[in-house]
1. If the requirement is being modelled with pLDDT of 95 or more and over 14 Å from the mean Cα position of the chain (by Cα), which of these qualifies: 117, 126, 104?
2. Inspect segment 27-49 for any residue being polar (S, T, N, Q) and within 21 Å of residue 132 (Cβ to Cβ) and give the result as yes or no.
3. Being β-branched (Val, Ile, Thr) and more than 12 Å from the chain's Cα centre (by Cα) is the requirement here; does residue 66 meet it?
4. Quick test of your reading of the structure: residue 47 fulfils all but one of (1) assigned to a helix (DSSP H, G or I); (2) at pLDDT below 95. Name the failing condition by number.
Amino acid sequence: MKLVLALMLLLGVAIGAVYFFGGFRDFDPSEQGRKAKAGITPGMTWQQVVTVAGEPKEYRPIMKETKGSGANKIELFKPGGPSKFVKTTLTARVGSNELPHGFVIDYQFSGSEAFRVTFDETGSVVEVADLMTMNDLLNYTPTR
C-alpha cells in the first residue's frame, strides 16, 4: 500500500514538473494563431508563411469556373479539392505554372482562431482572411 502511495506521489510530482517546466502552462493555440496571422503580410512567399505559421497538412488549388453564357457569362475563382502539402511537390507545381490561378492554405489553431492565406500563381501572398470558427457559429467569446 505504501508503495502504491509513493508511486502516485511520484507520478503527481512528475506531471506537475512537465506542466510547469515543459511549456504546457503557457500553451495557448489562439494566441499562437493570432501571432502567426499578424506575421503574414502580402508579398511574402509561401515558404515564408510556412516558416511563420507552421507546415499545413494540405493546400487547395484555386479553380476557375465559368457560369452562364453570352453577356451573362461570369468567371468564378474558388478553392478546389485539397492536395497533400509536400514542400518539394508544391515548389515544383508553382515553378512549372501548374497553379495558374494560385492556391490557398487554411490554418486552424483553435475554436476561435482560423484564417485562410491566398497565394497568387507565383506563390506570393495576396490576402489573409479570417475563417468562420465554431466559436463564431455558437456566438461564443472565450474569457481568458
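1. None of the others qualify; the one that does is 126.
2. Of all residues in segment 27-49, those polar (S, T, N, Q) come to 30, 32, 41, 45, 47-48.
The next check asks that each one be within 21 Å of residue 132 (Cβ to Cβ); those that pass are 30, 32.
Among the residues of segment 27-49, at least one is polar (S, T, N, Q) and within 21 Å of residue 132 (Cβ to Cβ), which makes the answer yes.
3. Numbers: β-branched (Val, Ile, Thr): yes; more than 12 Å from the chain's Cα centre (by Cα): yes.
Yes: the conditions hold for residue 66.
4. All conditions pass for residue 47, except number (2).
The values are calculated or read from the model by the stated rules, or taken from the named source; none is laboratory data. Being a predicted model, the structure only gives us computed values, none of them experimental. Quick reminder, even Gly has a Cβ in these numbers, built from the backbone with ideal geometry, and neighbours come from all protein chains shown.
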